[in-house]
1. Of all the residues that make up segment 350-381, how many are in a loop (DSSP other than H, G, I, E, B), under 30 Å from Leu3 (Cα atoms) and open to solvent by 10 Å² or more (accessible area, probe 1.4 Å)?
2. Can you run down the residue pairs with Cβ atoms below 9 Å, 6 or more apart or on separate chains, where the first is in segment 41-52 and within 17 Å of Thr182 (Cα to Cα) and at pLDDT 75 or above and the partner is part of a loop (DSSP other than H, G, I, E, B) and β-branched (Val, Ile, Thr)?
3. Which of (1) assigned by TED's automatic domain parsing to the domain that holds Arg122; (2) within 16 Å of the ligand (Cβ to nearest atom) is the odd one out, the single condition Ala63 does not satisfy?
4. Can you report the number of residues in segment 75-99 which are in a loop (DSSP other than H, G, I, E, B) and open to solvent by 40 Å² or more (accessible area, probe 1.4 Å)?
5. One residue is enough: does segment 188-197 have a residue meeting the conditions more than 16 Å from the chain's Cα centre (by Cα) and without any contact (Cβ under 8 Å) to a residue 40 or more places away in the chain?
6. Being without any contact (Cβ under 8 Å) to a residue 40 or more places away in the chain and touching a Ser or Thr at 6+ places or on another chain (Cβ under 9 Å) is the filter; apply it to segment 242-289 and report the residue that is nearest to Asn4 (Cα to Cα).
7. Please report, ordered by residue number, the helices (runs of 4 or more DSSP H) entirely within segment 112-175 with at least 1 residues that are of a type in the set (Gly, Ala, Ser), more than 20 Å from Val102 (Cα to Cα) and within 16 Å of the ligand (Cβ to nearest atom).
Amino acid sequence: MALNLKSSNVATRENRIGSITGYIGTLSDLANQSSCGTLKGCSRCFSQSSTCLSSCALGQLSAIRDVAIIHHGPAGCSAASAGAYYLDKVMAKKRGVTTNTVYVGTDMNENDTIFGSAERLRKIILEVNKRYSPKAIFVTSSCATGIIGEDIDSVVDDVKDEVEVPIVAVHCEGFKSRIWATGFDISDHAVLSSIVQPPRQKRNTINFKNFYESARPEIIEIFKNFDLEPIFLYCNSTIEELSHISESLATTCICGTLGNYLGNGLEETYGVPYIRTINPLGIAGFETWLRAIGRVTDRSEAVENYIEEQRKIYIPQIEEIKKELKGLRAVLGMGPGYTFEVSRVLDELGVEVVWALAWHYDKKYENGEVPPSMKYLLENDVDFEASVADQQNY
Ligand code: SF4
């Protein structure tokens, strides 16, 4: 991808990587159409299967510790902030750290949506900075500011010298994409363009993008075997930590939909290798993924020894579980980064997948390739009925 960190705007997933929100057919047809470039989403006049992308973007950014999110929009757009705020506090407590991240809505009213409220936004930014002393400020847009063309970038530029911490305009107007996961890319773009600094030294760290630091202790233990330290993104990240992620030996993620933009961005801008394998789920996934990390960090021998050791422990246990699962069939509905990974794991466990549904589908990733999960299923002759975003309850 050609990343433009000088612009605060990110193209939508539909435009950048041809993502779709409507398909019914089979996995093989979906993958074949993706690889030959003919896949088109069916159009809908309404959708009940998605949410606003700004909740996704702001949920990611507000998980960073001690920052301020200033959401410039009507009060309704900030409704999700209560949930995000609560979750961030819970996740910090679980980890045993504190976060003073604040989430402020600017409460635009009718007058503001007609005449604009750039001057009020400026005052709010300065007041938030004075009151909470955040380590970074993310000033985010909404449909209302997008429609009236509120010039958030100019306001941000204008106050830059006064706030003395990184401040960035985040363009997350909900109407710009049907795919809420565009919010992941928007938050990554904000972090890449305003927080990450060029590398000064290499560190034995791996950038690990997952949801809510899940399995943190186990992942830390795995990487200790290779003298590597994972940096979890972005839940409980600090601005200082994020400023150094360009110094890591590699970037990896638990879900391509979640981590693709950041991984590619760090690779393209700072040469940090992005691990593009199937995900570390199931036997094939875990081993393929770990081997790729071994290769890029020059630890292949240690990785092979570790895999051999672990196989002795886990393969007999997995064989036992397979006996219990025999005869089961599965229907799945998940985000696309998981749907076609979990179906691979179920296939590995001998569970027949009869239908798999993805919330949306990325027909290729930023490097122009079909997602590795799809390639794997096709190469291994796994096929089943598949659909994209057809859970329209009404
Ligand atoms: S879709 Fe637009 S109006 Fe609705 S919450 Fe998102 S930004 Fe606000």
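1. Looking only at segment 350-381, we keep the residues that are in a loop (DSSP other than H, G, I, E, B), and these are 350-351, 359-360, 362-371, 380-381.
Adding the requirement that they be under 30 Å from Leu3 (Cα atoms) leaves 359-360, 362-371.
Next, from what is left, pick out any that are open to solvent by 10 Å² or more (accessible area, probe 1.4 Å): 359, 363-370.
Residues that pass the stated criteria total 9.
2. From residues that are within 17 Å of Thr182 (Cα to Cα) and at pLDDT 75 or above, the pairs are Gly41/Thr21; Ser50/Thr21; Ser50/Ile179.
3. (2)
4. The initial filter retains those residues of segment 75-99 that are in a loop (DSSP other than H, G, I, E, B), namely 79-80, 96-99.
When the remaining residues are screened for being open to solvent by 40 Å² or more (accessible area, probe 1.4 Å), the result is 79-80, 96, 98.
Selection size over segment 75-99: 4.
5. no
6. Within segment 242-289, the first condition is being without any contact (Cβ under 8 Å) to a residue 40 or more places away in the chain, and the residues that meet it are 267, 271, 273-275, 280, 286-289.
From what is left, the residues that are touching a Ser or Thr at 6+ places or on another chain (Cβ under 9 Å) are 267, 271, 273-275, 280, 288-289.
Details: Glu267: 14, Gly271: 16, Pro273: 19, Tyr274: 18, Ile275: 22, Pro280: 30, Thr288: 32, Trp289: 29 Å.
Taking the candidates together, the pick is Glu267.
7. On the way: elements: 118-132, 143-148, 152-163.
Answer list for segment 112-175: 143-148.
To keep it simple, each residue is scored yes or no on (1) at pLDDT below 95; (2) small (Gly, Ala, Ser); (3) in contact with a helix residue (DSSP H, G or I) (Cβ under 8 Å, 6 or more places away or on another chain).
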{"site": "Arg203", "(1), (2), (3)": "no, no, yes"}
{"site": "Ile206", "(1), (2), (3)": "no, no, yes"}
{"site": "Ile231", "(1), (2), (3)": "no, no, yes"}
{"site": "Ile275", "(1), (2), (3)": "no, no, yes"}
{"site": "Ala292", "(1), (2), (3)": "no, yes, no"}
{"site": "Val296", "(1), (2), (3)": "no, no, no"}
{"site": "Tyr306", "(1), (2), (3)": "no, no, yes"}
{"site": "Gln310", "(1), (2), (3)": "no, no, no"}
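The values are calculated or read from the model by the stated rules, or taken from the named source; none is laboratory data. What you are looking at is a predicted structure, and each value in this text was computed from that prediction instead of being measured. Please note: Cβ atoms are built from the backbone with ideal geometry, for glycine as well, and neighbour counts cover all protein chains shown. All accessible areas refer to the heavy atoms of the entire protein, side chains included, with ligands and DNA or RNA removed. Shrake-Rupley method; radii C 1.70, N 1.55, O 1.52, S 1.80 Å.
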